[in-house]
Amino acid sequence: MAKVSINLTTGSIQKEDIIVGIDLGTTNSLVAFIDPNGNAKVINDTGKGVLVPSVVHFDANGEVVVGNEARDFLIQDPQHTIFSVKRLLGRSYQDLQSHEAYFSYRIIDDANDESLVKIKVGDTFYTPIELSALILKELKARAEHALKTNVNRAVITVPAYFNDSQRQATRDAGKLAGLDVLRIVNEPTAASLAYGIGLNPDEQKTIAVYDLGGGTFDVSILKIENGIFEVLATNGNTFLGGDDFDRAIVDYWIAQNNLSGEIPMQELRLKAEEAKKALSHQNLFNEKIGDIFCTIDKQTFESLINDKVQETISACKNALKDAELTASDIDEIVMVGGSTRTDLVKKEVSAFFEKPVNDSINPDEVVALGAALQADVLSGNRKDILLLDVTPLSLGIETMGGLMDTIIPRNSKVPTKAGRQYTTSIDGQVNMKIAVYQGERDLVKENRKLAEFELKGIPSMPAGLPKVDINFLLNADGILRIQAVELRSGVKQEVDVKPTYGLKDEEVEQMLLDAVTYAKDDVSQRMVVEAKTEGDQMVYTVERFLNKNGSFLNQEETSHTKELVTKLKVAIKNTNKDEILSAIDALNEYTRPFAERLMDEAVSQAMRGKNI
Ligand code: ADP
Ligand code: MG
């Protein structure tokens, strides 16, 4: 059945479903679309404003509010009010441990370094994907209300430095919100599109996109050629932004007023943000909260934030260095993010690059507007633009001794394809484990695991004879396809990587049904299951190690290892989490030196020829 939509605001008939562009921000989110005249416009759902604060609040009955209303609860009800969820997308607990104090809500440790964080609100656990989906649902509803049509398709932007897991998580959040995410686009690419840079296929430019938001900063160097956008380098600090400027003002007022004891921090913070914004167009801010003087002049403000601003300039320097360019190679500077309205920021960035900056488009809106343009390209309205990104982290597989073997190096253009040949390390080996990782470290344990699968049915041959080709194919959306084929027998296995910490399609569907209320897991139960799985793996690994490398250990080492394995097996049988984890730990501690000894061996072996 064909549906015809009528846009009631303009009275025009829309040929197809509209595709919107969404900037899912750390602090604020918004939607934009291309109007029937071909102009990019942000959605302003009557009276609600353009920016939707990326905040979600849950009340005692499980009712959810998103946006401005939710932001008000940051003061009254911090434990049930989730902000900055973008920081958690596709992240493991380990990634965030050092920043835990930043969050006022509870982040759950799954006792597994690789597992995704969860957020506990009351008795319910939410994943960052579900929470982001709530924000996206609100944006979708606002767009549908404003455009008087269904909105089912979207382009969503992410920072250029987002890894595959974070991109996949963003995509999953879209799905969960009922959106078909046609493309994940880099924020700097979207911003330059909004300025029309790169729209003309003949132009050749190198640009810098400087993005200073509420709590994050990044700078990207893009090369645009033949309508192709390539990220040459990115740099930044994910814990630096306008919030720091507010905090500097609050601290200053506390000192000026000699405040101590009970300080109305939240009121001061809001007033400070007001002052900061006012000082973007005036020289003095002078108000009071009760009998507290909230006075600050522009010069003082600039001296308070200068260190932070200089930090962003250092990042620009590093980005240029990584791109092997100098400031004079940069043709345009695009300013993105609300905090680039601060004069000192503009002044310093312009001075560093030695030219005026592009700041004519509202910096809060520029990314969403560019995303809408990209959506327009995808809907077939513009055939002249092609978008190209690079992969921010190396992709590779685990080889003997836990070493990382990079197949697609970081900064490779996407789409891309690369491969390598491997062989078996034991006689008669019929299965080969292929574990895919991303990261820059030499040991896979320091990197991030994306997938693991087995190539089964390799004909029994002496070690070193089978030839296994492993090919990586990274598509334009950053989704990785891994192909493994044993050339002598033709045995083949193919896997599309959804990062292990992302969600499976059927899980997403199930979650759609469950709507907002994610299954109320019994976390302690899950932790036992995870501990058991880990224990089983450990037993298997160590027993294999003993079988394979028996001669490697002396008698005493062997018997003590076996003792520890038995203890672990008993603990697993007892399904006692703490017992299992401490047995794993003991076994780990004792056998680690062997693994290292073996790794030295593996290194020298790797120099002779690659084994897996
Ligand atoms: P994000 O991309 O992280 O979601 P935004 O681009 O929406 O963030 O930027 C939000 C930040 O911009 C906040 O810290 C806000 O105080 C700041 N901001 C907004 N308007 C101004 C202004 N006029 N002057 C200075 N800072 C501003
Ligand atoms: Mg932003």
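The values are calculated or read from the model by the stated rules, or taken from the named source; none is laboratory data. The structure displayed is predicted, hence computed values, not measured ones. Positions of Cβ are generated from backbone atoms using ideal geometry, with glycine treated the same way; all protein chains shown enter the neighbour counts. Accessible surface areas use protein heavy atoms only, side chains included; no ligands, DNA or RNA. Shrake-Rupley method; radii C 1.70, N 1.55, O 1.52, S 1.80 Å.
Spot the failing condition for Gln374; the list is (1) within 15 Å of ligand 2 (Cβ to nearest atom); (2) in the same structural domain as Asn39 (by TED's automatic domain parsing), and only one is missed.
Result: Gln374 passes all but (1).
Taking region 170-210 on its own, how many of its residues are open to solvent by 20 Å² or more (accessible area, probe 1.4 Å), within 16 Å of ligand 2 (Cβ to nearest atom) and out of contact with any helix residue (DSSP H, G or I) (no Cβ under 6 Å at 6 or more places or on another chain)? I'd like the intermediate steps shown before the answer.
Within region 170-210, the first condition is being open to solvent by 20 Å² or more (accessible area, probe 1.4 Å), and the residues that meet it are 171, 175, 178, 180, 182-183, 194-196, 199-206.
Narrowing the set further to residues that are within 16 Å of ligand 2 (Cβ to nearest atom) leaves 194-195.
Remaining after also requiring out of contact with any helix residue (DSSP H, G or I) (no Cβ under 6 Å at 6 or more places or on another chain): 195.
Qualifying residue count for the region: 1.
Rundown of residues vs (1) within 16 Å of ligand 2 (Cβ to nearest atom); (2) of a type in the set (S, T, N, Q); (3) closer than 18 Å to Ile22 by Cβ, yes/no style:
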site	(1), (2), (3)
Ile34	no, no, yes
Asn44	no, yes, yes
Val50	yes, no, yes
Ser54	yes, yes, yes
Phe58	no, no, no
Ser104	no, yes, no
Ile107	no, no, no
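Let's see how each residue does on (1) in the same structural domain as Lys321 (by TED's automatic domain parsing); (2) over 17 Å from Thr340 (Cβ atoms); (3) more than 16 Å from ligand 1 (Cβ to nearest atom):
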residue: Ile207; (1), (2), (3): yes, no, yes
residue: Tyr210; (1), (2), (3): yes, no, no
residue: Gly215; (1), (2), (3): yes, no, no
residue: Asn226; (1), (2), (3): yes, yes, yes
residue: Leu232; (1), (2), (3): yes, yes, yes
residue: Asp243; (1), (2), (3): yes, no, no
residue: Ile254; (1), (2), (3): yes, yes, yes
residue: Leu259; (1), (2), (3): yes, yes, yes
residue: Ile263; (1), (2), (3): yes, yes, yes
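Taking the stated definitions as given, is Val336 of a type in the set (A, V, I, L, M, F, W, C) and touching a Lys or Arg at 6+ places or on another chain (Cβ under 7 Å)? Let's see the steps before the verdict.
On the way: of a type in the set (A, V, I, L, M, F, W, C): yes; touching a Lys or Arg at 6+ places or on another chain (Cβ under 7 Å): no.
So Val336 does not fit the description; no.
Go through region 540-585 and report how many residues are open to solvent by less than 50 Å² (accessible area, probe 1.4 Å), assigned to a helix (DSSP H, G or I) and closer than 28 Å to Ile426 by Cα.
Adding up the residues that qualify gives 11.
Give me the pairs, please: first residue somewhere in region 275-291 and open to solvent by 40 Å² or more (accessible area, probe 1.4 Å), second residue anywhere and part of a loop (DSSP other than H, G, I, E, B) and away from ligand 1 (no atom under 16 Å from the Cβ), beta-carbon distance under 8 Å, and either six or more positions apart or on two chains.
Gly290/Pro264
So which residues in region 383-399 are over 19 Å from the mean Cα position of the chain (by Cα), open to solvent by 30 Å² or more (accessible area, probe 1.4 Å) and at pLDDT 65 or above?
Scanning region 383-399 gives a single hit, Glu398.
Of everything in region 170-191, what is closer than 19 Å to Leu373 by Cα, within 16 Å of ligand 1 (Cβ to nearest atom) and assigned to a helix (DSSP H, G or I)? Give them in sequence order.
Correct list: Glu187, Pro188, Thr189, Ala190, Ala191.
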